[in-house]
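Working notes, beginning with the structure itself.
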Ligand code: DUC
Ligand code: ZN
Ligand code: ZN
């Protein structure tokens, strides 16, 4: 007797779309086919798609910020929101503060997550202080323990690494087989433009976009790729927003570098004009890199269609709009410079790409699955346990109604914030049911479990040949 059978659905993987029932026992998928036998529970997926649960490999939850502003999501609300959006695994970032050991940062982060998650979680590290002991001892040991990826920043005064430091981090990745993710924006150029904007009294949110133009990202992308070439490591270029950066990735690949490209919903759907809203409303769209214009949206779509991007992530980085922690009045200082950078989106990531990409005829269903689940598992060492519908894989499934039409309203979402940057958008295709580790956790859009079912997952090292 199986624990659960998902019947009469259409299974979609990154490779195939086929009619099959899915039988589940002890948290795993154990049989595919028809007439599989009896189960304690039956999920009728007639007319629906059976997808591997989404994996969002780029989210920020409960991450401390430089000036003490607290994020809108803790692990409970962030993973709950993720689950309702069809995700069964998220990968938040564990930030090392300056002077802090990685181990101390991780202990604190695990304590926040433990017992509070609705999805499985696995952590990337953010390296802000790559001291000799961090690089020589801590990091290699942590890679062996399953923290197999880390992010470095080329921007933000308190986070950025110098090129020499990035090279040293990449050298550790080279020796250990870990994967480096890079936030590519040129801090010195941004600082120059920020000072010029403030001197001209251009304090509004839209100045966030004009002080971080595409050239700032293009230059840093080129530099990050060059450093990776010198260090002889693969690299992930995260949250790519524009065609010039995409061209840099394509050129580096043509030189033989292994590059993984990631883009996000905001670069397909928002523009810098959104930051120019009335009464500081534009702050709701402040994220880095900033959204660009419609031509750059098309460039990002082409990158998804043609394969420049393997990853479609939310970069969920939630701050409230109102209140003392909000974007509206950041610490009482009315300059764009103080607006916390980041927007929410973990719940709307998959519906937006499904609606505008699959229903919109731009990408196939299998490509959708690859971009939202399979490639994340492959890139970050969770495949084939996660990221596919196959015998032996974790029974993590999103049951998708491809015809269900919804208008995004923050009031209907499940995060801890107070707005959605995608408010009012009409979406076709939405998850109705989610199975996590064999348990039917969302039934007909109702949450049926309490927090704590999701657990921390250590990861293998990446095997990038899986992606090609
Ligand atoms: N980088 C991110 O990855 N997320 C939000 C803000 C940022 O700069
Ligand atoms: Zn970033
Ligand atoms: Zn991010």
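We did not get these values from a lab; they are worked out from the coordinates using the rules stated. Keep in mind that what you see is a predicted model, and the values were worked out from it rather than measured. Counting neighbours? That spans all protein chains shown, and the Cβs are built from the backbone with ideal geometry, glycine included.
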Checklist entry - Taking neighbour counts of Cβ atoms within 10 Å as a proxy for exposure, in what order, fewest first, do 255, 7 appear? => result 255, 7
Checklist entry - Does a label point 7 Å from the Cα of residue 44, set along Cα-to-beta-carbon, have any residues of region 1-33 with amide nitrogen under 20 Å, and which are they? => result 2-11, 19-24, 33
Checklist entry - Efficiency by 1/(1 + (r/R0)^6): what FRET value for residue 333 and residue 465, r their Cβ-Cβ distance, R0 = 56 Å, to the nearest 0.05? => result 0.70
Checklist entry - Helix 243-254: angle to the longest alpha-carbon principal axis of the chain, degrees 0 to 90, nearest 10? => result 70
Checklist entry - Length gain on complete extension for the stretch residue 133 to residue 70, per 0.36 nm per residue less the alpha carbon to alpha carbon distance? => result 19.7 nm
Checklist outcome for this item: Expected sort for 337, 292 with the fewest Cβ neighbours (10 Å cutoff) up front is 337, 292
Checklist entry - So how much slack lies between residue 112 and residue 445, counting 0.36 nm per residue of separation and subtracting their Cα-Cα distance, in nm? => result 117.2 nm
Checklist outcome for this item: So the angle from the long Cα axis of helix 187-199 to the longest Cα principal axis of the chain, reported in degrees to the nearest 10, equals 60
Checklist outcome for this item: The exposure ranking of 203, 319, 309, 93, fewest beta-carbon neighbours within 10 Å first, is 203, 93, 309, 319
Checklist outcome for this item: Quick calc: nm separation of the 7 Å Cα→Cβ label points for residue 100 and residue 366 -> 4.3
Checklist entry - Does a label point 7 Å from the Cα of residue 141, set along Cα-to-beta-carbon, have any residues of region 68-103 with amide nitrogen under 20 Å, and which are they? => result 94-103
Checklist entry - Contour minus end-to-end for residue 295 and residue 456, with contour as 0.36 nm per residue of separation and end-to-end as the Cα-Cα distance? => result 54.0 nm
Checklist entry - Using a simple spin-label model with points 7 Å from Cα along the Cα→Cβ vector, what separation in nm is obtained for residue 17 and residue 195? => result 5.5
Item to check | Nearest-0.05 FRET efficiency for residue 32 and residue 406, computed from C-beta distance (R0 45 Å) | outcome: 0.90
Next on the checklist: Output the 0 to 90 degree angle, nearest 10, between the alpha-carbon long axis of helix 163-176 and the longest principal axis computed from the alpha carbons of the chain.
Outcome noted: 30
